[in-house]
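Notes follow once the structure below has been shown.
Read the figures in this text as sums done on the coordinates, not as results from a lab. Because the structure is predicted, anything quoted here is derived from the model rather than measured. Reconstructed Cβ throughout: ideal geometry from the backbone, glycine too, with neighbour counts over all protein chains shown.
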Protein chains: 2
Amino acid sequence: METRKRNLPTLEDVANAAGVSTATVSRCLNEPDKVSGGTRERVMEAVDKLHYSPNFGARAIAANRTGIVGAVIPTMVNAIFARGVEAFQKTIVANKKTMLVASSSYDRTQEIDQIRTMVARGAEGMLLIGTDRDPEVYAFLSQRNIPVVIAWARTSDPNQSFVGFSNKDASRLLAERAIALGHRSFGYISAYTAMNDRARYRVIGAREALTNAGLDPDAMHLIETKYSLKCARAAFHQMLKANPRPSIIMCGNDVLAVGAIQAAQEEGLHVPDDISITGYDDIELSTVIEPAVTTVHVPHRKMGRLAAETLLSLVDGASNPIQIELETQIIERDSLGKPKT
Amino acid sequence: METRKRNLPTLEDVANAAGVSTATVSRCLNEPDKVSGGTRERVMEAVDKLHYSPNFGARAIAANRTGIVGAVIPTMVNAIFARGVEAFQKTIVANKKTMLVASSSYDRTQEIDQIRTMVARGAEGMLLIGTDRDPEVYAFLSQRNIPVVIAWARTSDPNQSFVGFSNKDASRLLAERAIALGHRSFGYISAYTAMNDRARYRVIGAREALTNAGLDPDAMHLIETKYSLKCARAAFHQMLKANPRPSIIMCGNDVLAVGAIQAAQEEGLHVPDDISITGYDDIELSTVIEPAVTTVHVPHRKMGRLAAETLLSLVDGASNPIQIELETQIIERDSLGKPKT
DNA sequence: TCGCATGATGTAAGCTATTACATAGATGCA
DNA sequence: TGCATCTATGTAATAGCTTACATCATGCGA
């Protein structure tokens, strides 16, 4: 590993060029108010002339502050996270900080590694998705005084900060809507719930609606599968073999719903006349398929932005947890209808 | 802005705990071969016991090396970039480096800002998408000895490194295929080409095919629009008013193609019997719409991985430009057919 | 046994910024 | 005028690590 020389100008060079001390230059850059107008001008000229830019490492070590925040997301290849993270990043940058991002592929172990790496790289705050993870992770972070914001979910722990929404509630409302339309026999295609609280609570919400309506929540046929069109299709075909065959299949997200609709069409079933299907997240895909998916809209961009603002205020010293719950909204399109009589 | 105290263990703490000098600890961490087995063990124990992790800033400044690479992409909210960047990031991390990422929203000015910011943050190499940008940017980077890898495109400049593909060639092949099927009247819906070489070369490829076939390339009706389903639909409706009405509308990417198909259906046109439509990129969306989109497959993940490997070797001192051209592939689905006779 | 090459480890300089504290000059008020 | 206060600036300590160079012990060949 060769070392490549970079002889960039230093604070001292600027100080010499401007005929002042390094302290004054540093102040010009960080607390301009504390420097008189004339001096400031002279210094800034020197900065421009030399194309000076402070050395990040030196600044970090001297100020004991890096200005870095980290975000670990399950995957970037999913419009919902992409939108949220993009908004998060723009807000972070607008506040003169830097974002580190990594994707865990929905794998807890990878997530832990990535959190550790980011902390080693100087992350002073972390954005994490959902709540499911080893408590040791939170211990690790809090021991180092690194604030965490949870997004895409809410938590009942009053000590944790989050910017999220109840995955359960909207799911329950959607199921209630289906019950009101006359559905009694439910199926549910979900992402794996074991380490994914978002997916799990969506299932729980649907079950709650059944319970509230006096139906047996355990009668809801549940299949867990990978997040892909192909897997969703397979799950749908499998579910059709159930007895009784469900009149509605709720899906944990829109990709699964779209796959289910495709599979229904392969089976020669008409959606929603023969079978209803619902999604979650409201991604673009859900308007492209025919029929368009009845789903739950989540304000991903807003969530990303607010999560950034929240994390920044925690990093800057806010001591009380900040909890922001966002509203979701049921989007009625064409894939949910009355059951066949 | 409060400063939050972090009294983390330092190299010296580890050295004391292990009864060696800081130099030995440093060597254990960076060049383990140079330390004897017994000492190494003792040091590593101390590292574990104290949960030591090197201070990033200090290391960067002492070694004059940050291990950071930057990537500026047009948008994360696009599966093609998301996939590529995710692969890029995984490769970077696997090599013990750190990735900074930002999205420019297809805006050159933002891109410049972000490049500057990343350099100020210690980026030692940059991944950039496509070739269109102010030459000053390249000057800025080369002056600082920061290698650049261009992705998603190729360049004829022998001094630039890239991992990409010819946006033009596949587009030309697709148009030739359409010509062979009998099409003579072409329309093209593109993303804005002014600052987007990928979009531009795709158009040029189509024109080339027309020219080669003895047709007038300027007769191809071109509409440029934003990257969204809605805009694509509007563009399609507008294009239908053209005289002669095209028998095929090629689209610069799959999102535009899907929007066009939706619009065709709104007009009561059957695709491909009444009008053919093609896409580019091969994203999931293109298999969800009915009819599925005939498009061009691009190996995004592979490109991301290779771009990372390329950039790493440049950062590590490789002096000759590295140019890797990847193959694309036409995926024949159902949206391209013979023209109506 | 001596001299020397080799390998392991230690010493201490150096990297670049921030910032507490010191200093000097200017201002205000009695 | 004299003293306290304030503002602008400088001095120098400091942060945590890497690494060139120095030192020391060991083993080997002559």
#### Entry: Beta bridge orientation in the protein assembly as shown: antiparallel %, DSSP, nearest 5
10 percent
### Task
Take every Cα-Cα pair in region B:11-63 and report what % of them are more than 15 Å apart.
40 percent
### Query
What spacing in nm lies between the two simple spin-label points modelled at B:D113 and A:R144, each 7 Å away from Cα in the Cβ direction?
3.0 nm
### Task
Describe numerically, in nm with one decimal, the distance between label points set 7 Å from Cα along Cα→Cβ at B:T39 and at B:S313.
3.5 nm
#### Entry: Structure-based [θ]222 nm, the protein assembly as shown - -39500 (n - 2.57) summed over DSSP H runs of at least 4, per residue, nearest 500
-13500 deg cm²/dmol
### Task
Before anything else, pin down the relative contact order of region B:167-297: Cα pairs under 8 Å, at least 6 apart, normalised by residue count, whole percent.
24 percent
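Of all the stretches in chain B, which is the longest one without any exposed loop site, taking GluC sites (Glu not before Pro) in a DSSP loop (any state but H, G, I, E, B) with at most 15 other Cβ atoms within 10 Å? Kindly include the intermediate steps, with their values, before the conclusion.
Numbers: sites that count: B:E2, B:E267, B:E284, B:E327, B:E332.
Formally, the longest exposed-site-free interval is B:3-266.
Counting only trypsin sites (Lys or Arg not before Pro) that sit in a DSSP loop (anything but H, G, I, E, B) with at most 10 other Cβ atoms within 10 Å, what is the longest stretch of chain A containing none of them?
A:97-240
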### Task
Could you check the simple spin-label distance between A:T155 and A:E325, using points 7 Å along Cα→Cβ, in nm with one decimal?
1.6 nm
### Message
Quick one: 3J(HN,Hα) in Hz for region A:145-161, Karplus 6.51/-1.76/1.60 with θ = phi - 60°, rounded, Gly and Pro as x.
### Response
6, 9, x, 10, 10, 8, 10, 6, 7, 10, 9, 8, 6, x, 8, 9, 8
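Sort region A:167-297 into rounded, prolate or oblate with this rule: let a ≥ b ≥ c be the square roots of the eigenvalues of the Cα gyration tensor; rounded if a/c is under 1.5, and if a/c is not under 1.5, prolate when a/b is larger than b/c, oblate otherwise. Provide the component values of the computation, followed by the final result.
Details: a/c = 1.34, a/b = 1.16, b/c = 1.15.
Rounded.
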## Note on the structure
Amide H proximity to A:I324 below 5 Å, modelled H, separation 5+ or other chain, gives A:F162, A:V163, A:G164
### Message
Give me, ordered by chain and number, the residues 5 or more places off A:A71 or on other chains with an amide H under 5 Å from its own placed amide H.
### Response
A:L100, A:V101, A:A102, A:L127
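Hey, got the average number of other protein chain Cβ atoms within 10 angstrom for residues in B:237-250?
0
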### Task
Would you work out the relative contact order for chain A, in percent, from Cα pairs under 8 angstrom that are 6 or more residues apart?
17 percent
#### Entry: the protein assembly as shown - convex hull of the alpha-carbon atoms, volume per residue in Å³
182 Å³
### Query
Which chymotrypsin sites (Phe, Trp or Tyr not before Pro) does region A:134-216 hold that lie in a coil by DSSP with at most 16 other beta carbons within 10 Å?
A:Y192
### Message
How far, in whole Å, is the closest Cβ of chain B from the axis that maps B onto A, and which residue does it belong to?
### Response
B:G57, 2
### Message
Just to confirm my numbers, what's the Cα centroid distance between region A:284-331 and region B:144-190 in Å?
### Response
37 Å
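If N is the number of residues in chain A, what value comes out of its Cα radius of gyration divided by 2.2 N^0.38 Å?
1.28
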### Net charge dipole size for region A:11-63 [Lys, Arg +1 and Asp, Glu -1 on Cβ; Debye, nearest 20]
80 debye
### Summary
Residues A:H221, B:H183 in order from fewest to most other beta-carbon atoms within 10 Å are A:H221, B:H183
